[in-house]
1. Looking only at segment A:100-114, decide whether some residue is out of contact with any His (no Cβ under 7 Å at 6 or more places or on another chain), within 16 Å of DNA strand D (Cβ to nearest atom) and at the interface with chain B (Cβ under 9 Å from one of its Cβ atoms).
2. In segment A:263-273, how many are within 12 Å of another protein chain (Cβ to nearest Cβ) and in a helix (DSSP H, G or I)?
3. So, in segment A:50-96, how many residues would count as being modelled with pLDDT of 90 or more and either at the interface with chain B (Cβ under 7 Å from one of its Cβ atoms) or within 16 Å of DNA strand C (Cβ to nearest atom) (or both)?
4. Could you please find all residues in segment A:1-29 being within 12 Å of DNA strand C (Cβ to nearest atom), in a loop (DSSP other than H, G, I, E, B) and surrounded by fewer than 16 Cβ atoms within 10 Å (Cβ to Cβ)?
5. Since A:GLY67 meets every condition but one in (1) in a helix (DSSP H, G or I); (2) touching a residue at least 40 places away in the same chain (Cβ under 8 Å); (3) buried (at least 24 other Cβ atoms within 10 Å of the Cβ), which condition does it not meet?
6. If we keep just the residues of segment A:236-287 that are in contact with a Cys (Cβ under 7 Å, 6 or more places away or on another chain) and among the β-branched types (Val, Ile, Thr), which is farthest from B:SER282 (Cα to Cα)?
7. All but one of (1) over 21 Å from B:TYR94 (Cβ atoms); (2) more than 9 Å from every other protein chain (Cβ to nearest Cβ); (3) at pLDDT below 95 hold for A:ILE178, so report the exception by its number.
Protein chains: 2
Amino acid sequence: MAHNTPTMKEIAKRLGVSVTTVSRALQNHPRIGLRTREQVHELVQEMGYVPNSTAIYLKKRCTFNIGVVLPFLTEQFFSLAISGIEDTTTKQGYSVLVVQSRNNFEREKAAITSLIKHGVDGIIVSVASETQTYLHLDEAQKHGVPVVLFDRVIKRAPNSCVYSDIVVGAYEAIAFLISRGLRRIALLNGPNTLQATEERLRGYVKALQEYEIPVNIHYIKSLNLTKEDTIRKTNELLNLSELPQAILAFHDYIALDSMQVCKERGFRINKDIFFVSFSNLSFCSYLDNPPIASIEQFPYEMGEKAAQILMNDITNPGSSIRQEVVIKSKLIQR
Amino acid sequence: MAHNTPTMKEIAKRLGVSVTTVSRALQNHPRIGLRTREQVHELVQEMGYVPNSTAIYLKKRCTFNIGVVLPFLTEQFFSLAISGIEDTTTKQGYSVLVVQSRNNFEREKAAITSLIKHGVDGIIVSVASETQTYLHLDEAQKHGVPVVLFDRVIKRAPNSCVYSDIVVGAYEAIAFLISRGLRRIALLNGPNTLQATEERLRGYVKALQEYEIPVNIHYIKSLNLTKEDTIRKTNELLNLSELPQAILAFHDYIALDSMQVCKERGFRINKDIFFVSFSNLSFCSYLDNPPIASIEQFPYEMGEKAAQILMNDITNPGSSIRQEVVIKSKLIQR
DNA sequence: CTGTTAGCGCCTTCAT
DNA sequence: ATGAAGGCGCTAACAG
C-alpha cells in the first residue's frame with residue numbers, strides 16, 4: 001500500500017537546497033544556476049526519482065489519464081480503436097483507462113462514475129447497445145470532464161462525436177448486391193436503440209427504392225447482438241417462402257453466426273445465399289467463403305480522431321465547440 | 001484543464017461544519033451525529049460530490065489504478081485476459097490502465113515507466129516477444145509497485161507469475177497427432193527468447209521420444225511472430241523432401257497464416273496436412289477447416305488469477321511471497 | 001460527537 | 001539565482 005519513490009524533498013536535502021530549487025531545475029526554469037541544475041539531474045538519475053503525477057494533479061488539476069468506455073475489447077473493431085486512441089494520447093503523455101460495458105447500461109454508467117472518481121481528464125465512449133439516454137454522460141460534463149463519443153454515438157447528445165457514414169456504406173453495399181443481380185436482400189440489423197441501426201436501414205431502403213425494388217418488411221430484422229438472437233432471426237429469414245438471396249449483416253460477427261446457421265441448413269454461402277457486412281474484420285480473410293464484401297469503417301482512424309478531439313477539449317477547455325466528424329467508409333470486395 | 005467537482009470544503013461550508021466532520025460522515029465513522037451524517041449525505045447527492053481519489057492518494061498512497069502491459073489487445077487471447085483482470089479488480093474498486101507493447105521491448109519499458117509515473121498501485125505484465133531481461137520490472141519493484149507476470153512470463157524473474165502448463169499441452173497435442181497415425185510432425189514455434197517457446201519444444205520432443213519417433217531438426221522452426229516470417233518458415237517446411245504430415249503451431253494466429261500458405265500451394269488442410277495449435281480462439285469455429293485440435297489456455301482465468309495475486313500484494317505488502325501459479329490447459333478436439 | 005492542526009508531493013507567487 | 005510560505009483535497013492524530 002505504499003509507493004516508496006524518492007521525492008523532491010529528499011533530493012533537496014541531499015543537495016542542501018530548497019525544494020523549490022529542485023522543482024525549478026526539473027522544469028528547466030530559466031532562472032536557475034547551471035551547476036545546480038546539473039547536480040539535480042544527476043541525483044534524479046541516481047535515485048530513480050519519478051515525479052508524482054498524483055501530487056501534480058492537485059495543482060494542475062489533471063491526471064494525464066483519460067478513460068475509454070466501450071462494449072467489448074474482444075471485438076477487434078474496438079481493440080483497433082483503442083490502438084488509435086492510445087497512439088495519439090501517449091504522444092502527449094496521457095495514459096488510457098479502459099473499461100468494458102459489455103453492452104450493459106448499468107455497467108456503462110458505473111464505469112463513467114468510476115472514471116470520474118479516478119480523476120480522468122476526459123472520456124471517450126462508444127455506448128452500449130442498451131443505452132438510450134445520455135444523462136450519464138452529462139454527469140461527466142458537469143464535473144468538467146469532456147466526453148467524446150465514437151462509432152456507437154448518440155447524435156442528439158451534446159457531445160462531440162466521431163462516426164462513419166453508415167447510410168452511405170449500407171447504400172453502397174446494397175447497390176453492390178443489386179449490381180450482382182440480386183434483388184431479394186435481407187437486413188440483419190442491430191438494436192433499434194442505436195443510431196447506427198437506423199442509418200443502416202436508411203441506406204438499405206434508399207438503395208432499394210432507387211433501383212425500384214419493393215421493400216419487404218419480412219426481410220428486415222432487428223437483433224440484440226447476442227448469438228442466440230442472430231440464430232433465431234436467421235432461421236426466421238430462412239423459413240420465409242420467398243427466400244432472400246442475400247443478407248446485409250450489422251457487422252462481421254453477426255454475418256459469421258448467421259452464415260453458420262445457413263450452412264447448417266444446407267445453404268451454400270455465396271452460392272445459394274450471399275453475405276455482405278460491416279467492419280471488414282481481418283480474420284474474415286481466413287474464411288473459405290467470407291462475406292463477398294464488407295464495409296471497412298477504419299476503427300483505428302476513428303479512435304485517433306476521437307482522441308484528437310478529446311485532447312483538444314482537455315487542453316483548451318474554453319474553445320471546445322461540439323464537433324461531429326464523419327469517417328468515410330469503404331466497400332471492400334473480396 | 002480543470003475539473004470543477006465540488007469538494008468537501010464546500011459541503012462543510014454550506015453545512016457550517018468542519019471538513020473533518022464531512023470526511024467522517026462520508027466514511028460512516030462511528031463517532032458522528034446521525035443527523036449530521038444524514039445532512040452530509042443529502043448534500044453530497046445534491047451537489048454531485050465525488051471524492052477526489054487523487055487527493056486521497058497523497059494520504060493513503062494508493063491510486064486504485066493498476067497497469068496492464070501486454071503485446072496486443074487485438075489478440076483475443078489478451079483481451080480475454082483483460083476481462084479477467086478487469087472483473088476481479090473492479091470488484092475492489094480498482095481501474096485498469098492498459099498499454100500495448102506491440103512486442104517491442106522499448107515500448108514495454110516506456111510503458112512501465114509511464115505507469116509508475118501515473119502512480120499505479122501494481123502492474124500486470126505479459127512480456128513482449130523481444131524482451132529478454134527483467135530489469136525494467138525491477139524498476140517497478142524498486143518504487144514499491146508490485147509486478148505480476150502472466151502467460152508470457154520470465155520465470156527466472158523474482159516476480160509472481162501465472163502461466164499455463166505448456167509442456168503438457170504440447171505433449172498432449174503431439175500425442176494426439178500420433179494417435180491419428182501421423183508421424184512426421186513439424187513445430188512452428190515462437191521466438192527463442194520466450195519461455196513458452198522452450199516449453200513447447202520440450203513437450204514436442206518428449207512426446208516424440210516416448211513414441212520412439214526421431215526428432216527431425218528441419219521440422220522445428222522458430223518464428224518472430226510476424227506474418228512474413230510465418231509465411232517464410234511454412235514455405236521452408238513445404239519445400240522439404242520429406243513433407244511434414246502435421247504442424248503444431250505456436251498459436252492459432254500462426255496456424256491461420258500457415259494454413260493459408262498451405263492452401264495457396266495446393267495442400268488440403270486436414271487432408272494433406274493437419275494442424276494443431278495453441279489458444280483455441282473462438283473464431284476458429286467459423287472456419288470450414290479449423291485446426292483439428294487446439295490447446296485451450298483459459299486466458300480469462302489467467303488474468304483473474306494474476307489480478308488476485310496482485311490485489312493481494314497490494315493489500316498486504318508485507319506478506320507478499322513470490323507465487324507461481326500454473327493454469328491447466330486442455331486439448332480441445334474439433 | 002466535533003473541531004484544530006499538520007501533512008501527503010508538488011508548484012507558484014512573493015520575497016530576498 | 002534561490003528560499004519561504006501557502007495551498008491543491010483529503011485524512012488522521014490529538015484535543016476538546
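The values are calculated or read from the model by the stated rules, or taken from the named source; none is laboratory data. Predicted model, so just to flag it, every value in this text is computed and none were measured. Reconstructed Cβ throughout: ideal geometry from the backbone, glycine too, with neighbour counts over all protein chains shown.
1. yes
2. Quick first cut of segment A:263-273, residues within 12 Å of another protein chain (Cβ to nearest Cβ) only: A:263, A:268-269.
Subsequent filtering for residues that are in a helix (DSSP H, G or I) retains A:263.
Result for segment A:263-273: 1.
3. 9
4. A:ALA2, A:ASN4, A:SER18, A:GLN27, A:ASN28, A:HIS29
5. All conditions pass for A:GLY67, except number (1).
6. That would be A:ILE273.
7. (3)
This table checks each residue for (1) in contact (Cβ under 8 Å) with a residue 40 or more places away in the chain; (2) at positive phi; (3) out of contact with any helix residue (DSSP H, G or I) (no Cβ under 8 Å at 6 or more places or on another chain).
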position	(1), (2), (3)
A:TYR253	yes, no, yes
A:GLY266	no, yes, yes
A:ASN280	yes, yes, no
A:PHE283	yes, no, no
A:LEU287	no, no, no
A:PHE298	yes, yes, yes
A:MET302	yes, no, no
A:GLN308	yes, no, no
